[in-house]
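Asks: One structure is given below, represented as structure tokens, and several questions about it will come after.
The values are calculated or read from the model by the stated rules, or taken from the named source; none is laboratory data. Here the structure is a predicted model, which is why all the values come from computation and not from measurement. Quick reminder, even Gly has a Cβ in these numbers, built from the backbone with ideal geometry, and neighbours come from all protein chains shown.
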Amino acid sequence: MLLFGFALPHLLLLTAYFFNGHLEFLWSHYYAGGEWFVENQLTLSAMLYLSAIPIVYFFFSLIMLNREARLTKYQSQLLQIMFLWLLIAVVEIAVAGNMAPHRVITYAPPLAYFISHYILLIRRKWIAELLLWGFTAGIVTVAYLARYGKIDSIDYQKIYFNKVDAAPVNKRILVLDEQWGYFENNTLATGFYEWKISQKYFRETDYFQNVVLIDKAFENDLPELIVDPNQVMPGVFKRIPAIAKQYVKHGTTYQLISIANPK
């Protein structure tokens, strides 16, 4: 059900774009743009600390199910399937080698199954409710402690962007790089944000459609500042001289002339 629920909307989306002749556009702008999502963002120890409460409850659930549960044949088969699911999730993390919070989504269904059975097998209602509230409060507490740096083993630095010193403020900017810190106090102009996707348009200016796309983007939302550490704008200016006339260069940035030289 998990695989079907994930695959069906993506297959429908791919089919719609394929019949409209825009499959390559969807792939490059949606799927390829998510490459950063699979990069290492947390260490194994950080993942274990964040998952400490569900792991503890899971081991208690195994003990309780082994001692107290009286399962039918169907329930026993379902338990085996869920346990197999959990093993596959562990193998998936081990093989992929990438640690990130979103990767634990494959653990959610089997852990929810075991933990819910563990709580339901407790005969005294007040104990069951206490354990449920403890489970919820424990997860929230660990998350908040990690968020505010109270747990040394959990480091979120790879998830956050690096701040840029002496960055402009309150400008509409275009950043032709992965320096997202520029957007902390500024707004995006032209719509080109993810450099892994947009770089081909700025580097491959021999293609007419790329030049047209950039020209329309500048016409609709002219940036006040262009950050160009990769020096790709000279090729764009060569193809679109009208844009070049509106900017003055300062190191690796281009500033709109009307802003740089106000009347």
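Asks: Could you say which residue among F208, F218 is over 25 Å from the mean Cα position of the chain (by Cα), at pLDDT 90 or above and farther than 19 Å from Y247 by Cα?
Replies: F208
Asks: While we're looking at this one, here's another question. Out of (1) at pLDDT 85 or above; (2) touching a helix residue (DSSP H, G or I) at 6+ places or on another chain (Cβ under 9 Å); (3) not hydroxyl-bearing (S, T, Y), what's the single condition that is false for A46?
Replies: Status for A46: all satisfied but (1).
Asks: Here are E204, E178, E224, E219: which of them is under 30 Å from M47 (Cα atoms) and not aliphatic (A, V, I, L, M)?
Replies: Criteria check complete, one pass: E178.
Asks: Is it true that some residue in segment 227-235 is touching a strand residue (DSSP E or B) at 6+ places or on another chain (Cβ under 8 Å), in a helix (DSSP H, G or I) and surrounded by 18 or more Cβ atoms within 10 Å (Cβ to Cβ)?
Replies: For segment 227-235, residues touching a strand residue (DSSP E or B) at 6+ places or on another chain (Cβ under 8 Å), in a helix (DSSP H, G or I) and surrounded by 18 or more Cβ atoms within 10 Å (Cβ to Cβ): present.
Asks: A further question follows. Identify all residues within segment 44-96 that are in contact (Cβ under 8 Å) with a residue 60 or more places away in the chain and either of a type in the set (S, T, N, Q) or over 23 Å from G138 (Cβ atoms) (or both); write none if there are none.
Replies: S45
Asks: In addition: Scanning for something closer than 19 Å to N185 by Cα and assigned by TED's automatic domain parsing to the domain that holds K196, does segment 229-251 turn up at least one residue?
Replies: No, segment 229-251 contains no residue that is closer than 19 Å to N185 by Cα and assigned by TED's automatic domain parsing to the domain that holds K196.
Asks: So which residues in segment 196-212 are crowded, with 17+ Cβ neighbours inside 10 Å and in a helix (DSSP H, G or I), if there are any at all?
Replies: Those that are crowded, with 17+ Cβ neighbours inside 10 Å and in a helix (DSSP H, G or I): S198, Y201, F202, N210, V211.
Asks: Moving to a separate point now. Show the residue pairs that are 6+ apart or on different chains and have beta-carbon atoms under 7 Å apart, the first residue being within segment 249-263 and within 16 Å of F218 (Cβ to Cβ), the second being surrounded by 14 or more Cβ atoms within 10 Å (Cβ to Cβ) and at pLDDT below 90.
Replies: The qualifying pairs do not exist here.
Asks: Same structure again: So which residues in segment 39-81 are farther than 25 Å from A94 by Cβ, polar (S, T, N, Q) and part of a helix (DSSP H, G or I)?
Replies: Across segment 39-81, the qualifying residues are N66, Q75, S76, Q77.
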